[in-house]
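Everything below concerns the one structure shown next.
The values are calculated or read from the model by the stated rules, or taken from the named source; none is laboratory data. Not measured: the values here are computed from a predicted model. Every residue, glycine as well, gets a Cβ built from its backbone with ideal geometry; the counts of neighbours run over all protein chains shown.
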Amino acid sequence: MQNLTRLIKKVNNLWIKSQVPAQKLTKIKKIDRFLIILICIIISIITSYEFFTQPIQSFNFIILVFINFFEIFVCCGVLVYISKKEAPRINSRQIFLLIGLLLTVQILKINIKGISPLSLIIPPTLIISQGMGTTIALAWVSIALINWPNFQTGMNIYLLLITFVSSCIVAILGGKIRSRAQLLQVSILVPLGAFIGQYFFLGFDNNSLYNFNLQNIISKQGNIISDSFLLAALMLMSTIFMPILESIFGLVTKARLLELADQEKPLLRKLSIEAPGTYEHTLLICGLAEEATRMIGGNVDLIRTGALYHDIGKLHAPNWFIENQNGSYNPHDELDNPWESAKILQEHVDKGIQIARKYRLPKSVANFIPEHQGTLKMGYFLFKAKERDKNISENNFKYRGPIPQSKETAILMLADGCEAALRAMDINASDEEALKIISKIITSRIQDGQLLDSNISRGEIYLIKISFLNVWKRIRHRRIQYPTAKNNSFS
């Protein structure tokens, strides 16, 4: 009965998460669109290379050439569309990487006729799956293997099948890799699996062992030892160059996020020392945000890292923020100027963006800095200003935004608002009282229009509320009052 109940809950959660409003696609500049279309046309021409090199035989042959050309062109367009749908915040550089790798494969398979498709398809798949996700990698593999040329030397259909299966495995595993060690394991085990597959389907030629040399590694197609060795070498090279590609194209892998989330990183250590209250605040928010993101199936690694860095701008003046004050002195009281105080609050966002650039944080992590505040009002100082001038413009007491553009930044905004309220609640408060406060804060954000661009559905909002309540229930606990002893030896 319990298993049935769990199954019903899982199905219900999946249904709730599926009720998501339509996503807004990323806007691409006109010059970038032109270049992308141009590259897609070149890919279509190269992929139809065999048709273009043959003499025109009839009108039907011309129609066949154009059909093949537009088929490939449409597939390239579908690839770009899928990448934008799966990663709404994908930028032009990443799209250029995607179609650039596709163009490179098409050029190499024409000019190096003996090279194995294993070596051409699998290493780029590993790069794409890590940086852009499994779905985009699978789409790329499907299009890269379309219309593989059939040269006189012959292209064994089983070799293409092994390439496709191996690439799909790499795409699935690559999207889940969380460390460089796992990446190294995939780089060794996949070529070994490809070798076994080739041995099973293609057989093993004894001459392969004797003909194994540096020249045959590239040019001797069908030599299963050479194919596997070259594949392993290229995958290891992809592993080595991955950090460089991350920097150039703005890719954010799980391994990179986990490295940034290491609390021994200099910037996080500086935050813990110079702004200890802010640091504790970020750790509490991490717990709320991670649970909510896990509940709706979001990117947990991204929100954990974003939460740790979202308030680094407070390093410029830690004592101006209440969590770092000792309770006896508040510089805002001495300043006694709500307009200047509002500027200081906005400055923690502006300085945070500058610090993120200085430490070269990925854009997807740096986005948490302005978006977790969105265009919220600085309520306390707006109230103080209205006491002096009732006609004051509220725009002077709003953060400059933008409002959250992803589910992860939206969840962090909600967690930031709920954290202080939940921590201030009485330990004897009921679950209903806590849920009421959570709902009130989240509803106020929705009514203020802060979640319009985040693509969060009503069902996911419900799951977020429940997850916040669950975290609050975990952190709310009593301590036993031990009797006082002279030697204070109790633990």
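Considering Ala144, Ala139, which residue is modelled with pLDDT of 85 or more, over 18 Å from Ser116 (Cα atoms) and crowded, with 19+ Cβ neighbours inside 10 Å?
Ala139 is the lone residue from the list that is modelled with pLDDT of 85 or more, over 18 Å from Ser116 (Cα atoms) and crowded, with 19+ Cβ neighbours inside 10 Å.
Just need a number here: residues in the stretch 235-267 that are closer than 24 Å to Lys407 by Cβ and assigned to a helix (DSSP H, G or I).
Adding up the residues that qualify gives 9.
What tally of residues in the stretch 412-429 results from selecting those that are part of a helix (DSSP H, G or I) and farther than 24 Å from Ala342 by Cα?
2
Filter the stretch 98-121 for residues that are under 19 Å from Phe229 (Cβ atoms) and of a type outside the set (A, V, I, L, M) and give the result.
Gly114, Ser116, Pro117, Ser119
Among the residues of the stretch 313-324, is any touching a Cys at 6+ places or on another chain (Cβ under 9 Å) and in the same structural domain as Ser467 (by TED's automatic domain parsing)?
Restricting attention to the stretch 313-324, the residues satisfying the condition of being touching a Cys at 6+ places or on another chain (Cβ under 9 Å) are none.
No: the stretch 313-324 contains no residue that is touching a Cys at 6+ places or on another chain (Cβ under 9 Å) and in the same structural domain as Ser467 (by TED's automatic domain parsing).
Hey, among Asp311, Asp301, which residue is at pLDDT 90 or above, out of contact with any Gly (no Cβ under 8 Å at 6 or more places or on another chain), crowded, with 17+ Cβ neighbours inside 10 Å and at negative phi? Lay out the reasoning, then the answer.
Working: Asp311 fails: out of contact with any Gly (no Cβ under 8 Å at 6 or more places or on another chain).
After applying the criteria, what remains is Asp301.
For the stretch 57-105, what are the residues that are aromatic (Phe, Trp, Tyr) and within 21 Å of Lys27 (Cβ to Cβ)?
Taking the stretch 57-105 as the starting set, the residues that turn out to be aromatic (Phe, Trp, Tyr) are 59, 61, 66, 69-70, 73, 81, 96.
Tyr81, Phe96 - these are the residues of the stretch 57-105 that are aromatic (Phe, Trp, Tyr) and within 21 Å of Lys27 (Cβ to Cβ).
Based on this model, can you work out whether Lys407 counts as out of contact with any Lys or Arg (no Cβ under 8 Å at 6 or more places or on another chain), buried (at least 21 other Cβ atoms within 10 Å of the Cβ) and not aromatic (Phe, Trp, Tyr)?
Numbers: out of contact with any Lys or Arg (no Cβ under 8 Å at 6 or more places or on another chain): yes; buried (at least 21 other Cβ atoms within 10 Å of the Cβ): yes; not aromatic (Phe, Trp, Tyr): yes.
Criteria met by Lys407.
Return the pair list, or none, for Cβ contacts closer than 6 Å from residues in the stretch 374-391 that are buried (at least 19 other Cβ atoms within 10 Å of the Cβ) to residues that are polar (S, T, N, Q), at least 6 apart or on different chains.
Within 6 Å, the pairs are Gly374/Gln450; Phe381/Ser341.
List every residue pair whose Cβ atoms sit under 6 Å apart, with the two residues 6 or more apart in sequence or on different chains, where the first one lies in the stretch 87-102 and is charged (D, E, K, R) and the second, anywhere, is buried (at least 18 other Cβ atoms within 10 Å of the Cβ) and assigned to a helix (DSSP H, G or I).
Filtered contacts from the stretch 87-102: Arg93/Phe249.
Can you work out which of the residues in the stretch 305-339 that are within 30 Å of Glu291 (Cα to Cα), outside any helix (DSSP H, G or I) and not acidic (Asp, Glu) is farthest from the chain's Cα centre (by Cα)?
Gln325
I need the full set of residues from the stretch 352-380 which are more than 19 Å from Met413 (Cβ to Cβ) and not in a loop (DSSP other than H, G, I, E, B), in order please.
Within the stretch 352-380, Gln354, Ile355, Arg357, Lys358 qualify.
Tally time: how many residues in the stretch 385-411 are basic (Lys, Arg), within 24 Å of His372 (Cα to Cα) and assigned to a loop (DSSP other than H, G, I, E, B)?
Here the count works out to 1.
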